[in-house]
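Below is one structure, written out as structure tokens, with a few remarks after it.
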Amino acid sequence: MASRTAVLRRAVTQAGPMRLAITTAVLLLAVLAARFSWNLPVLLAAERGLYDVRAALTAPRADQDPRIVLVVFTEKTLASTGKRSPLDRSMLARALANIDRQKPRAIGVDVLIDQPQTEDPQLTAVLLAMKSPTYFGFSTNSENAEFVMPWQEAHMRRFFDAVKTAPVRTANIRLDVDSDNAWRAWPTPAAAPPPLLVNAITGTRSFDDFVGAARFRQPRAADRPVFASLEIDLFADPAVADALSSAIAGKIVLIGADLPEADRFITPLTRLSGKTTPGVELHATLIAQAMDGARQMPLPDWALWMAAIVAVLAGAVTGGFDFSTRALVPFIAAQLAAVAALPVWLQSLGSYDTLGMPAFGLAAGWLMALMAASTTARIVGAQQRRFAQGALGKYLPRDVAEQILREPEQLALKGERRDIYALFTDIEGFTSMCQDQPPEVVAATLNDYLDVMSNAVLEHGGTIDKFVGDAVVAFWGAPLSRPDDGIRANACAIAMARAGEVFRTPRPGRQPLGRTRVGLHHGRAVVGNFGGEGRIQYTALGDSMNVAARLEGANKQLHTAALVSREAAMSVGLDHFRPMGRVRVRGREQPIDIFEPLGVGHAVADPVFAGLYARFQSGDMAALDALRHHSAGAPDDKALAYLVQRLDTVGPGGCHDLD
């Protein structure tokens, strides 16, 4: 947790105030989008669509409602009466009279008597004789100016005033649809009398001010709709009406039209079924909901804010942190599943009103946060990558650094045993120079020198382990190994020895340096990241590093510039080296055959020397005199002279112990 917090703190610092301000602004917009998506036109259609789907999927399955029955005008009715609009009032009058005799609980008529017809006296007479509470649809010009003209309103008022002595009242049959012409919620309460049909016919007061979502139910059996529906033609005949008495008695009867082209509504169920619903059935839906007291609770405002904030935070965390693909895919899937499932789950409970609850908005806010955080993280990551690449590039070859950045697991976080080529260099007499020269001269000279040596290592594909004063420690074979690491390491040893010779020449503003000594060995080592919590270094440890360091130090005693062990020299072939005998270094019992690379110091290809050396090592003591004579011919070659002196001391196959 602490490391994750530190990474977050460092990323925030690296992002900078301007980028953080922009990211914060986007996150705030994401929260607002997640909270107010139902108020944003660009998201509203998606929210409505998702609500319709979850309302349809979670609509409870119900048996046929025994409390309400629909009596409807159908195409068959219109064909028999020869009238389409307005509906035949003679048929309505006969049906009302016969239904009234069956003693229903109440009758609701979803038909506007908004223009005079020749059948009006017959209908008036029937209404005056009614005994059942009857509620006729009514609307005003002020409320429905598009469909109800002032003269139509006036006719309705006169007509119902004529039957006011009967148990006949008017009721508002308005059904409010959304801007996409779909009906989802209760109509807003009537601003003036008469009351809504649902409130008038049920007599309940708990829904007088209710404006929430309508409760939809689906039939448990396909052949038994939630509300029984009978053709009005059946009730025009008294004998048939009497036969249907059990279907009417004690029930709320709703009379209206079930026609394919008139008074039909899109509902949430339409989204999956493709079918529209007649308006009279929607009134039945409201009446059943009121009778059941199914007043769904709106979600509290704090809960909607909480959902929006959590969704945005989840998106920001997902986009802002560097998760592995294996962890990221299920993490994203779980979040999307939660965002999708939450509204559906709440809707399925039946007690919560999710009309107006963000669903697409939560997903949109989550996605906005994900993109904002991931964009910022990518920018910061790119900066960190450039910095890391630059930092790694100071110690690793560019291609190795790029591969490590692509595959960080290549860089072992603990330790691992690897075969490496270990190289040590040092400057002869550098400590004395530091005491004699001004600090700025020492710094300038050393920086130039280390820059050249570093480039030599990197150009030959090596890893720079560390600088210890004027010494350079490097190795090949880790963190990545190549088949030609041995060739690269040997070539680098020669290049560094030669480059060191350049610094032995005085130049303006730079002091001459002593000879650069190089030691190279091949063997096993433990490599990895080592150190404490505050500082970690990628380095190599073990016998190989110790041997390379000892070989570098042996150059001073053996008067050489570069020494390579047999194990390291074998990678390029011994023909490229001059043998320098066998030595034993401090801390290691096993002797080491050492060689000087050709082209370094006085080492050159010399078949005569090679032959004499081989004869001596095979036990031919006469070869020693020949070696002395050969060495005398090269008076400047102190390394050769000292080798002959050592051979004389240790004998064939002997080993010289280094100080």
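Excluding residues fewer than 8 places away in the same chain, name every one of the aspartates and glutamates whose C-alpha is closer than 15 Å to that of LYS103.
ASP242
Can you pull out the trypsin sites (Lys or Arg not before Pro) in region 168-250 whose DSSP state is coil and whose Cβ has at most 12 other Cβ atoms within 10 Å? Provide the component values of the computation, followed by the final result.
Details: sites: ARG169, ARG174, ARG184, ARG205, ARG215, ARG217, ARG220; in loops: ARG174, ARG184, ARG205, ARG215, ARG217, ARG220.
Within region 168-250, the qualifying trypsin sites (Lys or Arg not before Pro) (loop, at most 12 other Cβ atoms within 10 Å) are ARG205, ARG220.
Provide the packing ranking of 455-463, 307-315, 481-489, i.e. peptides ordered by the mean count of other C-beta atoms within 10 Å per residue, highest first.
307-315, 455-463, 481-489
Provide the gained length on full extension for the span MET306 to VAL650, in nm with one decimal, where the gain is 0.36 nm per separating residue minus the Cα-Cα distance.
Between MET306 and VAL650, full extension yields an extra 115.2 nm.
Mind pulling the angle between the C-alpha long axis of helix 2-15 and the longest principal axis of the chain? Nearest 10 degrees, somewhere in 0 to 90.
Tilt relative to the chain: about 90 degrees.
Note down the relative contact order for region 277-381 as a percent, whole number, built from C-alpha pairs under 8 angstrom at least six residues apart.
About 43 percent, as a whole number.
Can you work out the accessible area per residue across the chain, with the rest of the protein chains kept in place, probe 1.4 Å, in square angstrom?
Per-residue accessible area for the chain comes out at 48 Å².
Could you report the accessible area of TRP151 in Å², rounded to 10, computed with a 1.4 Å probe on the protein chains as they sit in the structure?
Rounded to the nearest 10, that gives 140 Å².
Would you mind pulling out the separation of the Cα centroids of region 484-553 and region 118-168, in Å?
107
Between helix 543-558 and the chain, what is the angle of the helix's C-alpha long axis to the longest principal axis, kept within 0 to 90° and rounded to the nearest 10?
The helix 543-558 is inclined about 30 degrees to the chain.
Suppose accessible area is computed on protein heavy atoms with a 1.4 Å probe; arrange GLU153, GLU428 from highest to lowest.
GLU428, GLU153
Percent of accessible area on the chain owned by carbon and sulfur, 1.4 Å probe?
59
Based on Cβ point charges of +1 for Lys and Arg and -1 for Asp and Glu, what charge dipole magnitude is obtained for the chain about its Cα centre, in debye rounded to the nearest 20?
In total the dipole reaches around 860 debye.
Can you list residues whose amide H is under 5 Å from GLY108's amide H, if they're 5+ apart or on another chain and H is modeled 1.01 Å from N?
Correct list: TYR135, VAL253, LEU254, ILE255.
Just to be sure I understand the model, the point goes 7 Å from the Cα along the line to the Cβ. What's the resulting ASN455 to LEU658 distance in nm?
Simple spin-label model gives 3.0 nm for this pair.
For a label point 7 angstrom out from the Cα of ALA166 toward its Cβ, which stretches of region 96-126 have the backbone nitrogen within less than 14 Å?
Output list for this probe position: 96-101, 107-109, 113, 119-126.
So I have [x] 58; [y] 34; [z] 28, and one of them is percent of Cα pairs over 41 Å apart calculated from this model. Which one is it?
Read-out taken from this structure: [x].
Sequence neighbours fewer than 8 away in the same chain don't count; with that in mind, list the aspartates and glutamates whose C-alpha is under 18 Å from LYS164.
Leaving aside aspartates and glutamates fewer than 8 places away in the same chain, those within reach of LYS164 are ASP100, ASP114, ASP120, GLU153.
Net charge near ARG264: determine it from the other residues with C-beta under 12 Å of the C-beta of ARG264, scoring Lys and Arg +1 and Asp and Glu -1.
Working: positive: LYS275; negative: ASP258, GLU261, ASP263, GLU281.
Result for the neighbourhood of ARG264: -3.
Rolling a 1.4 angstrom probe over the protein chains, ignoring ligands and nucleic acids, what is the accessible area of GLU146 in square angstrom, nearest 10?
The accessible area of GLU146 comes to roughly 150 Å².
Which pairs, out of LYS131/LYS251; LYS251/LYS275; LYS76/LYS131; LYS556/LYS638; LYS83/LYS131, put more than 19 Å between their alpha-carbon atoms?
Cα-Cα > 19 Å for LYS251/LYS275; LYS76/LYS131; LYS83/LYS131; rest within.
Using a simple spin-label model with points 7 Å from Cα along the Cα→Cβ vector, what separation in nm is obtained for TRP345 and ARG174?
3.9
Quick one: helix 279-292 against the long Cα principal axis of the chain, what's the angle to the nearest 10°, folded into 0 to 90?
Long axis of 279-292 versus the principal axis of the chain: about 80 degrees.
Rounded to the nearest 10 Å², what accessible area does SER245 have for a 1.4 Å probe in the complete protein model?
We get 40 Å² for SER245.
Per 5 Å bin from zero, what fraction in whole % of the C-alpha pairs of region 560-659 is there, up to the bin with the longest pair?
2, 13, 24, 27, 22, 10, 2, 0
Could you order PHE467, PHE160, PHE616 by accessible surface area, starting with the largest, using a probe radius of 1.4 Å?
PHE467, PHE160, PHE616
The values are calculated or read from the model by the stated rules, or taken from the named source; none is laboratory data. Because the structure is predicted, anything quoted here is derived from the model rather than measured. Backbone-built Cβ (ideal geometry, glycine too); neighbour counts: all protein chains shown. Each accessible area value is taken on the protein alone, full model and side chains, heavy atoms only, with ligands, DNA and RNA left out. Shrake-Rupley method; radii C 1.70, N 1.55, O 1.52, S 1.80 Å.
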